[in-house]
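Participant: To start, I am sharing the structure in question, which I have written as C-alpha cells.
The values are calculated or read from the model by the stated rules, or taken from the named source; none is laboratory data. Being a predicted model, the structure only gives us computed values, none of them experimental. In this analysis, Cβ positions are derived from the backbone assuming ideal geometry, glycine residues included, and neighbour counts consider all displayed protein chains. Please note that ligands, DNA and RNA were not included when accessible areas were found on the heavy atoms of the full protein model with its side chains. Shrake-Rupley method; radii C 1.70, N 1.55, O 1.52, S 1.80 Å.
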Amino acid sequence: AELMRAQGYATASFLQNGNVGPFAGLHQGFDRVFDASASGRTSTEEVFLGERVTRWIEEHKDRNFFLYLHAIDPHGPYDPPPPYREKYMAEVPDDATSIAHNPVFDAPWVENPSIESRRRLYEAEIEHNDRVVEEFFRRLGETGLARDTLVVLMSDHGEYLGDRGFFGNR
C-alpha cells in the first residue's frame with residue numbers, strides 16, 4: 001500500500017478482522033482503513049459488498065486505486081448463514097460420531113458436534129464466501145472496472161478438520 005500510494009494510487013483497506021489492521025501495523029500506506037470488527041458488523045458481505053466499500057469504489061473508479069479486502073471466513077467457530085448452514089448440515093450422517101463441543105470450532109447452536117459436522121460447516125462457509133466474491137466481481141463488472149482491474153486472491157492457511165486427529169490451523 002505504501003508503494004502504491006507513493007505512485008499516486010488511492011488506497012483503502014476493508015477488514016473483517018482487526019488483527020490485520022492498525023493493531024498489527026498493517027494500516028501503513030492506506031489512506032483509509034475500515035475495520036468492520038470495530039463496528040460489530042463483521043460479515044464477509046460487509047467487507048466485500050457493504051455500503052462503505054461500494055461507495056469507496058464508486059468514488060475512486062476514475063483513478064488508479066489499490067483496494068485491500070480481508071475476510072476471515074471460513075474460520076472457527078464455523079457458523080455459516082442460511083441457507084448454507086441448512087444445506088450442509090443436511091449432509092451430516094445421522095450416525096456421525098459425536099465429539100466434545102468446543103467453542104473455538106462449534107457455534108453455540110451446534111448441539112452434537114462431530115468431525116463430519118465441522119467439515120460440512122467449513123464447506124458451507126467456503127460456498128458462502130464463493131457467492132459473496134462472485135457478487136463482488138459482478139458489481140465490479142457493472143462499474144466497468146472488471147476488465148482493467150488486477151485481482152489477487154490469497155489464503156493464509158487451511159484447517160485440519162479432524163485429519164490425523166487434529167483441529168485448528170495447519
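Participant: Which Cα, out of 99, 80, 1, lies furthest along the positive dipole direction of the chain (beta carbon charges, K/R +1, D/E -1)?
Facilitator: 1
Participant: Given axes a ≥ b ≥ c from the Cα gyration tensor, I'd like to know whether the stretch 11-53 is rounded (a/c under 1.5), prolate (a/b larger than b/c) or oblate. Let's see the in-between values first.
Facilitator: On the way: a/c = 2.50, a/b = 1.39, b/c = 1.80.
Here the stretch 11-53 falls in the oblate category.
Participant: Where the only charges are on Cβ atoms (+1 Lys, Arg; -1 Asp, Glu), what is the dipole of the stretch 47-170 about its Cα centre, to the nearest 20 debye?
Facilitator: 420 debye
Participant: Another one. Roughly how tilted is helix 115-142, in degrees to the nearest 10 and between 0 and 90, from the longest Cα axis of the chain?
Facilitator: On a 0 to 90 degree scale, this one is about 20.
Participant: Taking the Cα atoms of the stretch 1-81, report the difference between the largest and smallest coordinate on each principal axis, in whole Å and largest first.
Facilitator: 40, 27, 19
Participant: Could you tell me how far the Cα centroid of the stretch 71-102 sits from the Cα centroid of the stretch 109-135, in Å?
Facilitator: If you average the Cα positions of each part, the centres end up 5 Å apart.
Participant: Moving to a separate point now. Can you match Cα Rg over 2.2 N^0.38 Å to one of these, (1) 0.98; (2) 1.11; (3) 1.18, based on a calculation from the structure here?
Facilitator: For Cα Rg over 2.2 N^0.38 Å, the calculated option is (3).
Participant: Another question, then. Using the basic label-point model (7 angstrom from Cα toward the beta carbon), what is the residue 62 to residue 90 distance in nanometres?
Facilitator: The answer from the label model is 4.8 nm.
Participant: Using a 10 angstrom cutoff on alpha carbons, build the Gaussian network for the chain and name the most mobile of 11, 149, 54.
Facilitator: With Cα springs under 10 Å in the chain, the top fluctuation among 11, 149, 54 is at 149.
Participant: A further question on this structure: Roughly how many Å² of residue 75 are accessible to a 1.4 Å probe, to the nearest 10?
Facilitator: Taking all protein chains as shown, residue 75 has close to 70 Å².
Participant: Could you tell me which of 89, 112, 65 has its Cα farthest along the dipole of the chain towards the positive end, charges placed at Cβ (Lys, Arg +1; Asp, Glu -1), taken about the Cα centre?
Facilitator: Comparing the listed Cα positions along the dipole, 65 ranks first.
Participant: Let me ask you something else. Quick one: which residues, 5 or more positions from residue 11 or on another chain, have an amide H under 5 Å from its amide H? H modelled 1.01 Å from N in the peptide plane, none for Pro or chain starts.
Facilitator: Hits under the 5 Å cutoff: 31, 32, 66.
Participant: Rounded to the nearest 10 degrees, what's the angle between the helix 51-60 long axis and the longest principal axis of the chain, both from Cα atoms, 0 to 90?
Facilitator: 30 degrees
Participant: Ignoring ligands, DNA and RNA, how do 87, 61 rank by accessible area with a 1.4 Å probe, largest first?
Facilitator: In descending accessible area the options line up as 87, 61.
Participant: In addition: For the chain, what is the calculated [θ] at 222 nm in deg cm²/dmol (nearest 500), taking -39500 (n - 2.57) for each run of four or more DSSP H residues and dividing by its residue count?
Facilitator: On the way: 6 runs with 59 residues, N = 170.
Result for the chain: -10000 deg cm²/dmol, rounded to the nearest 500.
Participant: If amide hydrogens are placed 1.01 Å from N in the peptide plane, which non-local residues have theirs closer than 5 Å to the one on residue 78?
Facilitator: 106, 107
Participant: Could you check which residue among 140, 150, 15 shows the biggest mean-square fluctuation in a GNM of the chain with a 10 Å Cα cutoff?
Facilitator: Judging by the Gaussian network model, the answer is 150.
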